[in-house]
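**Student:** One structure, as structure tokens, below. Some questions next.
Each value in this text was obtained by applying a stated rule to the coordinates, not by laboratory testing. Here the structure is a predicted model, which is why all the values come from computation and not from measurement. Using ideal geometry, Cβ is built from the backbone for each residue, glycine included, and neighbour counts are taken over all protein chains shown.
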Amino acid sequence: MDSHGSVAVRHHFASAEQQKDAATIGMWTFLVTEVMFFGGLFLAYFVYRQAYPAAFAAASNKTDVLIGAFNTTVLICSSLTMALAVHYASIGKKNLLVLFLILTLLLGGAFLGVKTIEYHDKWVHHEIPGAHYECDGCADAVHTSLFFSLYFGMTGLHASHMIVGFVILVMLIFQAKKGKFTPEWYTPIEMFGLYWHFVDVVWIFLFPLLYLIDRTKSGGLF
Amino acid sequence: MEPRSFQLLPDAASSIAVQVDSLYAFFVAVSAFFSLLVAFLIIFFAVKYRYRQGFIPAGINEDGHSVGGMVLEIVWSVIPLGISMIMFAWGASIYFTEARPPADATEIFVTGKQWMWKVQHMEGAREINELHVPVNRNIRLTMTSEDAIHDFSVPAFRTKADVLPGRYTTEWFRPIKVGAYHLFCAEYCGTKHSAMGGTVYVLSEADYADWLAKGSGEGSIAEQGQALFNQLGCGNCHPNAINNYNGRAPNLAGIYHTKVVLKDGSVTRVDEAYIRESVMYPQAKLVAGYDDIMPTFQGLVSEEGMIKLIEYVKSLSPRVGSASSAPPQPVTSSATEQKTGRPAVPAGKR
Amino acid sequence: MITATVPVRTEVNYLNNEHGLKSWLLTGDHKRIAVMYLIVVTVFFFLGGLYAAGIRLELTTPQGDLFDSNTYNKVFTMHGILMIFFFLIPSIPATLGNFLIPLMVGAKDLAFPKINLLSLYIYAVGALFTLFALISGGVDTGWTFYTPFSSSYSNGYVLAVGLGIFINGFSSILTGLNFIVTIHRMRAPGLTWFRLPLFVWGHYATSMIMILGTPVIAVTLFLLVLERGFHIGFFDPAYGGDPVLFQHMFWFYSHPAVYIMILPSMGVISEVISTFSSKKPFGYTFIAFSSVAIAVFGFLVWGHHMFVASQSTYAGLVFSILSYIVAIPSAIKVFNWTATMYNGRVRMNTPMLYAVGFIGLFTIGGLTGLFLASMGLDVHLTDTYFVVAHFHYVMVGGAILGYLAGIHFWWPKMFGVMYPEAPSKVSAWLVFLGFNLTFFPQFILGYMGMPRRYHVYPPEFQVLNVLSSAGASILGIGFLLPAIYLTWSLKYGKPAGPNPWGATTLEWTTSSPPPPDNFAVTPIVTREAYDYSDQEVKDIG
């Protein structure tokens, strides 16, 4: 089946083109599933924010907007490096492909590291819902805790997607180093790029929803 | 209640039951017609067109894409659609009757708890797993749960409603037949779910009056609510027309069924749910002009106590009984609040 | 739709091309995966059936004398969970769908064979979690897991079962994804969308629901697990949450899930009715698009489960009218199937017996659904045995009868042997009669007001309950028989040949059982769907 250069066409496909089409449709379908997966949490968020706007504003003001903004920047940059990695894969620049995959990995790692610090802060300040939840100066503790339930549910699910992406990225870097990807066949890089951008986009929604409620009313951003 | 022999329909003991039964009869007739039609056609075709060696029926290639086929497709889409719209409209109209309690209904409070029903009558009588109601009077149940979701179901009245923790739901009926009827919990609520039932007794006016007279001896719900109000010290901050205005908390006299302006500028109606929320989570919807100094009474007030408090607050607004015609009470005028940033108070107290 | 290629009889088929346990456990062949699914879902079906037997036995008397209340609650919960999540949802798609979709579209395999195998293993892991809970003591929430009971009050293994279903969901998602890609990109040359078998249309619609709905139940159960396991509150009012939100999120999936169960079954029925009438399905495009319409509108009706759950009356109004609209495509299908028999050459073999049984029972199931979509009637009927009867008419009378029709219809293709006709006709009649005796009395019980999930009940309901239990024992025999004679036929059944029924879809052009790559030569489709003009119609009865 090597009539298409180094393209590995699996036996049940008629052509490399069919194989790539299948992968692309499959990935987009998967992302549709992912949208619905996060969608449930977004729904819960909107319902409760509508019901308890004051508590949500108060709780949101307890998040660290500086850290959130930093992480947003980190992720947007990682989307850029990922897009560049796909570009260099498509024109067969192996070294640049590896370089940008590693940069993406580092940025993803930075995001997760910062997130860990943030979670730890929340732990220290008893801001994790449950038996030890405390909210100093919170008027409506039970509903601020509901905000933090959503905060951890949403960012936790997002972070677990980042971790999965991180692991796949490590594998892709090894494969890229071995020269597995060619301009004719770099489907895994392209598909992973779609996934990575999706995870990014989710964060771009999470950041304003969780960190930026009513910042101006409460006397400035920080 | 004596066990009855085999029946196909439960007793029809409420005004709505008769309507529901007619609707049911219509649905059964439509269903029977279509089920029998399809069954007949299938059996008829299976026999008439059964396979016989060498026999090829005429019109074997009819596949529904001819003009005749299209007509058939349209006919059997549009006719069921038409019938189902009748079903929808009839069902919806009955539902709207069921969902809207008449203004003159007698209110009774129900609290569901794993696994019993606790009932409080306005006049003070209390009962467990039983409900006594007078015949030919509209009854409205205001219900809440202390734990899981329950459902107050009386098949003979053809009505039920879920009973949820943390909020009030209502259900109403007008009993038309004296007798004893099953009360079930219809929403699964754990181990003894099937034992969480009892009996609804529909009594004649006279018997009901006798039954009420045997009441709890603790006074009406509103009176019990006032006792609880004093015991919890609510009056230290909340003026209730008996004590003096002290500016720390909104005046409760006449506040029920008015609209108040909240701190964030939005307006909310003072109903059972709002009063309950204000006791449990005082800061959730703070009235504009007041500091959030009120502590939560979560854990200090039971659901039954809450019902008493609400009834007491309602009793401070004398015209609630005819809610639909009640004009806004003069005490809390939203317009004044917005201008001054403080709630209006009776002039003499300023 | 027969191709120009001549079917090649080969000795090598998917069952004998490789040997040993490893060749099965690591296979990428959709046919082998389908067979493994067939085995596991059958196990779960009988396990769920055992619990059903427990329920019916207990309910022969009004008192709770067989189990205590706690045990009874666990029994009906496990019956529901095993049957819905581990039998009905995977049943037709994962066995018949897996086996037939590549064959029907003329492909060598599904688009992603490894993902297909992965979905089987994910199912297995989810099943193990659930079995763990079952062995440790079960769960007593009902299959609906309503909060706050499930998150704060239940004394069962909610976490293990919740995780089991959460994991199992991904198996369903991956199967749906594989089907969608396969149907879009793997069709044989000349096989246009409107030449596809209706079975494939049914599975395409099903896959849409799997992709769009399943992640929502997954995230809902994820939140339930967080609330129960870590007190990270979402739904319990004690944590500031709203228990009704759980119901919205649950039914957003679980109502469409009913269509995951019934749409594949409808696909089977379309094939069977057409083949055994030797006639094109009447209104092919109407049947095809009604599947898609059901999948789309099915997502907009979930609120009809909550007419008494303190939902706003106007929301109820919208959900009610949409529920009537979603009923129309089902009605269209029923009329088209019936019309397909008109002027046909009808043979009443076992698959056809099941198929006409399906039409009858599904018609009743669908019509009683209209009762529950009517707000005025639903207030009285919801949470009673009327609901139980209704959804069993749809899920047993519909989904399972369709499944049995399909298993009998494609048994010759899957294993190359014929099932024995006489005992299978007996079992089809037993299932039909036993089913009606079991569930018809429950409609009356429901209108009488007997609530569902009741361990003890007032004595006046006993007569109908005894009838129902008697029917269940007949139904049980009807289900056991096929397990016996189908297994028997694997060794003693007559060889089937490639096309014993005179059917027209592509899977019948290859040998039975099919070779590992399905077709000796990739088929090229030059004819319209269901062209019986050159099929030899023979009486196989």
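**Student:** In degrees, nearest 10, range 0 to 90: what is the angle between the Cα axis of helix C:401-415 and the longest Cα principal axis of chain C?
**Tutor:** 40 degrees
**Student:** What does the net charge come to around C:F99 if you take all other residues with beta carbon closer than 15 Å to its beta carbon, with K and R at +1 and D and E at -1?
**Tutor:** Numbers: positive: C:K31, C:R32, C:K108, C:K413; negative: C:D29, C:D109, C:E271, C:E507, C:D517.
Its environment carries a net charge of -1.
**Student:** Under a crude label model (7 Å from the Cα following the beta-carbon direction), how far is B:V178 from C:V521 in nanometres?
**Tutor:** Distance between the two pseudo-spin positions: 9.1 nm.
**Student:** Here is a follow-up. Report the label-to-label distance for A:V114 and A:E17 in nanometres (one decimal), using points 7 Å from each Cα along the Cα→Cβ vector.
**Tutor:** Distance between label points: 4.4 nm.
**Student:** Can you give the Rg to Rh ratio for region C:294-450, taking only C-alpha atoms and Rh from Kirkwood? Can you show the working numbers first?
**Tutor:** On the way: Rg = 18.0 Å, Rh = 17.2 Å.
Rg/Rh: 1.05.
**Student:** Given B:L212, B:S278, B:I176, which one lies farthest toward the positive end of the charge dipole of region B:125-282, if we put +1 on the Cβ of every Lys and Arg and -1 on the Cβ of every Asp and Glu?
**Tutor:** Working it through, the farthest residue towards the positive pole turns out to be B:S278.
**Student:** Give the calculated FRET efficiency between A:F166 and C:E18 to the nearest 0.05, with a Förster radius of 45 Å applied to their Cβ-Cβ distance.
**Tutor:** Numbers: r = 37 Å, r/R0 = 0.82.
Calculated value: 0.75.
**Student:** Post the alpha-carbon centroid distance, region B:17-37 to region B:103-131, in whole angstrom.
**Tutor:** If we compute the Cα centre of each part, the gap is 35 Å.
**Student:** Please name whichever of C:F297, C:F371, C:T384 sits farthest to the positive end of the charge dipole of region C:296-433, dipole taken about the Cα centre and charges placed at Cβ: Lys and Arg +1, Asp and Glu -1.
**Tutor:** C:F297
**Student:** Which of the lysines could be linked to C:K413 by a straight reach, that is with a Cα gap under 22 Å, when you skip same-chain ones fewer than 8 residues away?
**Tutor:** C:K31, C:K108, C:K279, C:K280, C:K425, C:K491, C:K494, C:K538
**Student:** Give me the dipole magnitude in Debye, nearest 20, for region B:96-241 about the Cα centre, with unit charges on the beta carbon: positive for Lys and Arg, negative for Asp and Glu. Let's see the in-between values first.
**Tutor:** Details: 13 positive and 17 negative charges, 55 e Å.
Computed about the Cα centre, the dipole is about 260 debye.
**Student:** Can you give me the angle between helix A:16-51 and the longest principal axis of chain A, using Cα atoms only, in degrees from 0 to 90, rounded to the nearest 10?
**Tutor:** The angle comes out at about 0 degrees.
**Student:** Still on this structure, I have one more. Would you please name the trypsin sites (Lys or Arg not before Pro) within region B:222-302 that are DSSP coil residues with at most 14 other C-beta atoms within 10 Å of their C-beta? Don't skip to the end; give the middle numbers.
**Tutor:** Values: sites: B:R248, B:K259, B:K263, B:R269, B:R276, B:K285; in loops: B:R248, B:K263, B:K285.
Passing both the DSSP loop test and the Cβ count: B:R248.
**Student:** Pairs of alpha-carbon atoms within less than 8 angstrom and 6+ residues apart define the contacts here; what relative contact order does region C:319-473 have, in percent? Working shown, then result.
**Tutor:** Values: 154 pairs, mean separation 43.0, N = 155.
Across region C:319-473, relative contact order equals 28 percent.
**Student:** Take peptide C:226-239, look around each residue's Cβ out to 10 angstrom, count Cβ atoms belonging to other protein chains, and average those counts.
**Tutor:** Numbers: counts 6, 4, 0, 1, 6, 8, 13, 10, 8, 2, 4, 7, 5, 8.
The shielding value for this peptide is 6.
**Student:** Right, something else. For peptide A:25-38, what's the mean number of Cβ atoms from other chains within 10 Å of each residue's Cβ? List each step's numbers first, then the result.
**Tutor:** Numbers: counts 7, 11, 2, 2, 11, 6, 0, 6, 14, 2, 2, 12, 8, 2.
That average works out to 6.
**Student:** Now, a different point. Going through the cross-link list B:K259/B:K314; B:K160/B:K214; A:K20/A:K180, which pairs have a Cα-Cα distance over 21 Å in this structure?
**Tutor:** Details: B:K259/B:K314 14 Å; B:K160/B:K214 28 Å; A:K20/A:K180 16 Å.
In this structure, B:K160/B:K214 exceed 21 Å between Cα atoms.
**Student:** Okay, moving on. Could you sort the peptides C:68-81, B:104-117 by per-residue average Cβ neighbour count (10 Å cutoff), highest mean leading?
**Tutor:** In descending order of packing, they fall as C:68-81, B:104-117.
**Student:** Across the residues of B:271-280, average count of Cβ atoms on other protein chains within 10 Å? Before the final figure, lay out the partial values.
**Tutor:** Details: counts 0, 0, 0, 0, 0, 0, 0, 0, 0, 3.
That average works out to 0.
**Student:** Using +1 on the beta carbon of Lys and Arg, -1 on that of Asp and Glu, and nothing else charged, what's the dipole of region A:100-206 about the Cα centre, debye to 20?
**Tutor:** On the way: 5 positive and 9 negative charges, 129 e Å.
Around 620 debye, computed over region A:100-206.
**Student:** A follow-up question, please. Against the longest principal axis of chain A, how steep is helix A:65-90, in degrees 0 to 90 to the nearest 10, with axes from Cα atoms?
**Tutor:** Computed tilt is about 10 degrees.
**Student:** Can you tell me the mean projection area, over all orientations, of the convex hull of the protein assembly as shown's alpha carbons? Units nm², please. Can you show the working numbers first?
**Tutor:** Details: hull surface 186.0 nm².
That works out to 46.5 nm².
**Student:** What distance in nm separates the simple spin-label points at A:T24 and C:A124, each placed 7 Å from Cα in the Cβ direction?
**Tutor:** Each label point is offset 7 Å from its Cα along the Cβ direction, giving 3.5 nm.
**Student:** If you average the C-alpha positions of region B:139-209 and of region C:111-183 separately, how far apart do those two centres end up, in angstrom?
**Tutor:** Centre-to-centre distance over Cα atoms comes out at 36 Å.
**Student:** Projected onto the charge dipole of region B:28-120 (+1 at Lys/Arg Cβ, -1 at Asp/Glu Cβ, origin at the Cα centre), which of B:V119, B:P80, B:G68 gives the Cα projection farthest towards the positive end?
**Tutor:** Farthest along the dipole direction, towards plus: B:V119.
**Student:** Under a Cβ-Cβ cut-off of 12 Å, what is the net charge of the residues other than C:Q442 that fall near it, where Lys and Arg count +1 and Asp and Glu count -1? Could you put the intermediate results ahead of the total?
**Tutor:** Details: positive: C:R56, C:R452; negative: none.
Charge balance in the 12 Å sphere: +2.
**Student:** Using only alpha carbon pairs under 8 Å that are at least six residues apart, calculate the relative contact order of region A:40-197 and give it in whole percent.
**Tutor:** Details: 135 pairs, mean separation 52.7, N = 158.
In percent, rounded to a whole number, it is 33.
**Student:** Work out the FRET efficiency for B:S22 and C:Q462 from their Cβ-Cβ distance, taking R0 = 30 Å, and round it to the nearest 0.05.
**Tutor:** On the way: r = 29 Å, r/R0 = 0.96.
It comes out at approximately 0.55.
**Student:** Let me ask you something else. Which value, in debye to the nearest 20, gives the size of the charge dipole of the protein assembly as shown about its Cα centre, when Lys and Arg are +1 and Asp and Glu are -1 at the Cβ?
**Tutor:** Details: 68 positive and 71 negative charges, 407 e Å.
Around 1960 debye, computed over the protein assembly as shown.
**Student:** Excluding C:T27 itself, calculate the net charge of residues whose Cβ lies under 12 Å from the Cβ of C:T27, where each Lys or Arg counts +1 and each Asp or Glu counts -1. Intermediate results must be reported in sequence, preceding the final value.
**Tutor:** Numbers: positive: C:K22, C:K31, C:R32, C:K114; negative: C:E18, C:D29, C:D109.
With Lys, Arg at +1 and Asp, Glu at -1, the neighbours total +1.
**Student:** When only C-alpha pairs under 8 Å and at least 6 residues apart count, what is the relative contact order of chain C, in percent? Write out the running numbers ahead of the final one.
**Tutor:** On the way: 965 pairs, mean separation 115.8, N = 541.
In percent, rounded to a whole number, it is 21.
**Student:** Take the Cβ-Cβ distance between C:A315 and B:V67 as r, set R0 to 41 Å, and report the resulting FRET efficiency rounded to the nearest 0.05. Don't jump to the answer; show the numbers that get you there.
**Tutor:** Numbers: r = 42 Å, r/R0 = 1.03.
Efficiency, rounded to the nearest 0.05: 0.45.
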